[in-house]
Protein chains: 2
Amino acid sequence: MSLFRPEIDRLAGYMPGEQPQDTGWTKLNTNENPYPPSPRVLEAINEAARGRLNLYPDPHGTRFRKAAAEVLNVDPDWILPGNGSDEVLTILTRSFAGTSDQIAFPYPSYILYETLADLQGARHVRLPLEPDWSWNFEKVMPIVEQCKLVFIPNPNSPSGNRWTWDDLVSLTPRHGVLVLDEAYGDFADHPHRGELLNSTIGTRLVITRTFSKSYSLAGIRFGFAMAHPSIISGLRKMKDSYNCDAISLAAATAAIQDQEWMQSNVARIRTTRERLNAALASLGFHVVPSQTNFVWATHPSGEHKRLYEALKAKKILVRYMTFPDVSWANAQTLDGLRITIGTDDEIELLIRALTEIV
Amino acid sequence: MSLFRPEIDRLAGYMPGEQPQDTGWTKLNTNENPYPPSPRVLEAINEAARGRLNLYPDPHGTRFRKAAAEVLNVDPDWILPGNGSDEVLTILTRSFAGTSDQIAFPYPSYILYETLADLQGARHVRLPLEPDWSWNFEKVMPIVEQCKLVFIPNPNSPSGNRWTWDDLVSLTPRHGVLVLDEAYGDFADHPHRGELLNSTIGTRLVITRTFSKSYSLAGIRFGFAMAHPSIISGLRKMKDSYNCDAISLAAATAAIQDQEWMQSNVARIRTTRERLNAALASLGFHVVPSQTNFVWATHPSGEHKRLYEALKAKKILVRYMTFPDVSWANAQTLDGLRITIGTDDEIELLIRALTEIV
């Protein structure tokens, strides 16, 4: 007899992208930033490490919240720091959705939302996206209105497209919360700073951000939620008292204070993205116009798995993804390659490899 | 109308001990280690920070698990690393207890278990301890046998006493899991290495450990669970993929590899503990014989709150604790001072202050 909750036994568990621990790989599979974090981050880490690691960190992350609030033009009590935005998403799921409540998220999209709902034992349902990654509101709104919680990654993964504010306002359940997962928000051509929080849906909206992508800090696990203080104060009860450590708090504070460094890396990635788009198109790929640090590429040959494996044999990792039960896809299964924008050299290497094998 | 789950709205939230962010305090309130971590930890942090922080950490914490397994004489698949043992306790609660399941824990004890059960929406019940902090098995066993999950901190807080292996075997529910929270295990006069995992209750037992106490690393947030691989593989589904960051993994690996450093600090703390015990006794306090890095001290005057406040006015922080609904306590409420063992100088300062105000 298993000792686990039956929901847990049934689960396969979320499978993250491959993280080889040896060197020599061109890693274009998990949307990391190819550039290092701001040098100020390293200084902050060294200073924190020389500090008093024997003491607990500030449970409220006060210095970080002040720094983030300044950049985002809100008060610090609108900010909740977390151990990666993954933890923030877990806190949100547990705070709003009981076992009889319904959670929804777009599909095809980031598959973690489904895992989080399963782990919580909450009911969940997919909001099917159209072939051009847009919304059919007639189809999805009856589902949305039954929800306690809707997760929307904006821009979306794997497609990389971004939806409009009007779309997002529509997707906010009348008696529930919209979580806007902006992990990739900084890579958009015109990023925003949470202005939607001042709109009519402001008190039912949570925006999540991560330091893993634009700030080049996937290694330190840091993200945060931004929402009305009435929401943040409730979420605070759910988090572990000391969910962020002294070093990652110091690193994230330094990182968010160096906007210039982040913006200049993001600009380089946008430029490389256009180069990759053009090269993939000339190789016959269809590429969704991307507002992120990755592109979703499909090839008329449909041989995505073979391409993924041939690239892997050359020590180039991209993400081969399959999404079953997509009504508009061949054999009801969408598949394709999600390719992270690396450095120009890495992308050059990828294109040369693809040219050989496509 | 609140958007939160009703269970969350009802909760006050767990209140950790005070963590003043300014300097000048003698901090004897949250059981931190007064000595710095091993110098190898700082080297490991600096090396990790110079590494590739733009990439995700190893989701399995392989290097740490190998190092811990060697020290604890188990296989690495018996180990699950976590973002502090707080996160491990959350993972355990969520993995084993659904909303209709019952969780139990001793009382008076670490109050977090109750908060974790509330956050999960699980039923929970206290196992009342006797005035000498021992068990009345006739009273508690009928409760234990109804449980899916029993948390036992061993040594206990605030009392600092440790229970025997026979006690723990008895407290393991026949159809559930015993979690032995060994946050303070290293401070016992005769620490053990998880030998109970090889006993008859081995497949229903989880031992949790933290780096916040004996390893002087409260600032990095690192703990782990040790259990049979059938348990660990289920718990792994519940954790965030990247729950431990690259720097804390490196720090914890270096720390556990320097057993000599940890043991020598623990030995110093044991010696200071005896000194503090004697001094408190001569001031008229009753002190429970402690197997930890803190002592539970009560005074016949009953003026614990006044003493706490008078110490705080001198910038000495101890933990004033109250436990309502204790049948054998005055007015049904147990209160007292939980005092962390600091350095000899800090304890000297405390004793001098207490001598003035007691």
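The values are calculated or read from the model by the stated rules, or taken from the named source; none is laboratory data. Only a predicted model underlies this, so the values are computations on that prediction, with no experimental measurement involved. Positions of Cβ are generated from backbone atoms using ideal geometry, with glycine treated the same way; all protein chains shown enter the neighbour counts.
Before moving on, here are some points about what is shown:
- Residue count for the stretch A:11-28, restricted to those that are touching a helix residue (DSSP H, G or I) at 6+ places or on another chain (Cβ under 7 Å) and either of a type in the set (A, V, I, L, M, F, W, C) or modelled with pLDDT of 85 or more (or both): 3
To keep it simple, each residue is scored yes or no on (1) farther than 30 Å from residue A:264 by Cα; (2) touching a strand residue (DSSP E or B) at 6+ places or on another chain (Cβ under 6 Å); (3) among the polar types (S, T, N, Q).
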{"site": "A:279", "(1), (2), (3)": "no, no, no"}
{"site": "A:286", "(1), (2), (3)": "no, yes, no"}
{"site": "A:302", "(1), (2), (3)": "yes, no, no"}
{"site": "A:315", "(1), (2), (3)": "no, no, no"}
{"site": "A:324", "(1), (2), (3)": "yes, no, no"}
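- Qualifying residue in the stretch A:269-284 (condition: charged (D, E, K, R) and out of contact with any helix residue (DSSP H, G or I) (no Cβ under 9 Å at 6 or more places or on another chain)): yes
- Among residues of the stretch A:329-358 that are modelled with pLDDT of 95 or more, those with a beta-carbon under 9 Å from a residue that is assigned to a strand (DSSP E or B) and among the acidic types (Asp, Glu) at least six positions away or on a different chain give the pairs A:329/A:335.
- Which listed residue is in contact with a strand residue (DSSP E or B) (Cβ under 7 Å, 6 or more places away or on another chain) and closer than 25 Å to residue B:234 by Cα, from B:112, B:168, B:119, B:127: B:168
- Apart from one condition, residue B:162 fits all of (1) without any contact (Cβ under 8 Å) to a residue 60 or more places away in the chain; (2) within 27 Å of residue B:287 (Cα to Cα); the exception is (1).
- Of the residues making up the stretch A:61-86, just one is out of contact with any Phe, Trp or Tyr (no Cβ under 9 Å at 6 or more places or on another chain), within 12 Å of chain B (Cβ to nearest Cβ) and either crowded, with 24+ Cβ neighbours inside 10 Å or in contact (Cβ under 8 Å) with a residue 60 or more places away in the chain (or both), namely A:63.
- Test: residue A:199 is among the small types (Gly, Ala, Ser) and surrounded by fewer than 23 Cβ atoms within 10 Å (Cβ to Cβ): yes
- Within the stretch B:124-153, the set of residues being part of a strand (DSSP E or B) and either among the small types (Gly, Ala, Ser) or under 13 Å from residue B:107 (Cα atoms) (or both) comprises B:124, B:125, B:126, B:127, B:128, B:150, B:151, B:152, B:153.
- Residue check for residue B:141: hydrophobic (A, V, I, L, M, F, W, C) and within 14 Å of chain A (Cβ to nearest Cβ): no
- Subset of the stretch A:308-356 (residues that are surrounded by 15 or more Cβ atoms within 10 Å (Cβ to Cβ), among the aliphatic types (A, V, I, L, M) and farther than 26 Å from residue B:54 by Cα): A:326, A:329, A:334
- Residues satisfying the stated conditions in the stretch A:16-31, i.e. surrounded by 24 or more Cβ atoms within 10 Å (Cβ to Cβ) and under 25 Å from residue A:260 (Cα atoms): A:28, A:31
- Every listed requirement among (1) within 14 Å of chain A (Cβ to nearest Cβ); (2) surrounded by fewer than 17 Cβ atoms within 10 Å (Cβ to Cβ) is met by residue B:284 save one, (1).
- Applying the criterion of at least 2 residues that are outside the structural domain of residue B:270 (by TED's automatic domain parsing) to the strands (runs of 3 or more DSSP E) found wholly in the stretch B:1-118 leaves B:79-82, B:102-107.
- The criterion of being in contact with a Leu (Cβ under 7 Å, 6 or more places away or on another chain) and not in a loop (DSSP other than H, G, I, E, B) does not hold for residue B:310.
- Filter result for residue B:103 (within 14 Å of chain A (Cβ to nearest Cβ), closer than 26 Å to residue B:213 by Cα and surrounded by fewer than 18 Cβ atoms within 10 Å (Cβ to Cβ)): no
- Taking (1) buried (at least 24 other Cβ atoms within 10 Å of the Cβ); (2) assigned by TED's automatic domain parsing to the domain that holds residue A:351; (3) without any contact (Cβ under 8 Å) to a residue 12 or more places away in the chain in turn, residue A:267 satisfies each apart from (1).
- Residue that is more than 11 Å from chain A (Cβ to nearest Cβ) and over 24 Å from residue B:339 (Cβ atoms), where the choices are B:254, B:267: B:254
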